[in-house]
Amino acid sequence: MKQTKKWGLLWYAKYLCWSSMLFFPLQLLFLFNEAKLLISIRRLFSEKNIITQNNSFSITDTQRGLELQVEQPSLWERILFNETFSSSILPGLLPSIIMVVFAAYMLALIRKVESGEPFNAANSNYLRKMGFLMMGYGLFEVAISKLKWDYVQRIAGTDFAPAEMFGNTRYVFWAAIALLVLSQIFKQGKALAEEQSLTV
Amino acid sequence: MPIVVNLDVMLATRKMSLTELSERVGITLANLSILKSGKAKAVRFTTLEKICEVLQCQPGDILVHMSTQEYKQLMHRG
């Protein structure tokens, strides 16, 4: 009974990985708000840039009820504060790529588990890579948020603190740490399995 | 590891082959070879007990502890 449950879970995990590997590239190609992404990127680098209707944008500090209005934004400002960039490309494109790599590692890991030798060097490596991938993404998100934060505070003063700028990156770091710890557990598991095989 | 397994000496004095020992002790020849060659990381008490029973000896006759220096010298000679 337990065995059936275990394989059932593995099959479900496999299904998730395959669907992620198929879905996210498709999302990159066809979705993204019905291909608006490509149009937005073209507009972003075009001189006749229309990021918002009036060629300006605003950032709000909802807690204090303050609003920062930026007129005639420069290219750098456009890239950093472009709604499509910050709400589609960053949380959309990058995690999609990461998800595909992640799913590939996960599939390789499941295959090794199915082969009956879960504790081996390859699995420990996969988990470590997945952990660092997650950590890298978290750091990237924090770096972008920090850039935005610094920029806004430089022009609007330190009182201005838009709460939404730092996302839920802490969960990404927790996941990364959990994966790195798991990788260490697998490493130790490998050593134990090796010792077990050399016990007479 | 500076623990030397004297199984080959014990077998030679009793004129017993490794295959015979493995049959009488009830462990595989492969495992016994691991023990004899010194590649084993651990020995179960049950295995040690059976070997001692068959070879009519004490655990200390099979397992000998050496200093690292002595062990290195032995390995160098071997």
In chain B, how does Rg compare with the Kirkwood Rh, expressed as the Rg/Rh ratio over alpha carbon atoms? 0.96
Averaged over its residues, how many other protein chain Cβ atoms are within 10 Å of peptide B:42-48's Cβ atoms? 2
Per residue of B:62-73, what is the mean number of Cβ atoms on other protein chains within 10 angstrom of that residue's Cβ? 0
Using amide H atoms built 1.01 Å from N in the peptide plane, name the residues 5+ places from B:L63, or on other chains, whose amide H lies under 5 Å from its own. B:N6
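Hey, got the average number of other protein chain Cβ atoms within 10 angstrom for residues in A:189-200?
Numbers: counts 0, 0, 1, 0, 0, 1, 3, 2, 3, 7, 9, 20.
Average per residue, whole number: 4.
Bear in mind that the values in this text are calculations on the coordinates, not laboratory data. Just so it is clear, the model here is predicted, and its values are computed rather than measured. Heads up, the Cβs are rebuilt from the backbone with ideal geometry, glycines too, and the neighbour counts pull from every protein chain shown.
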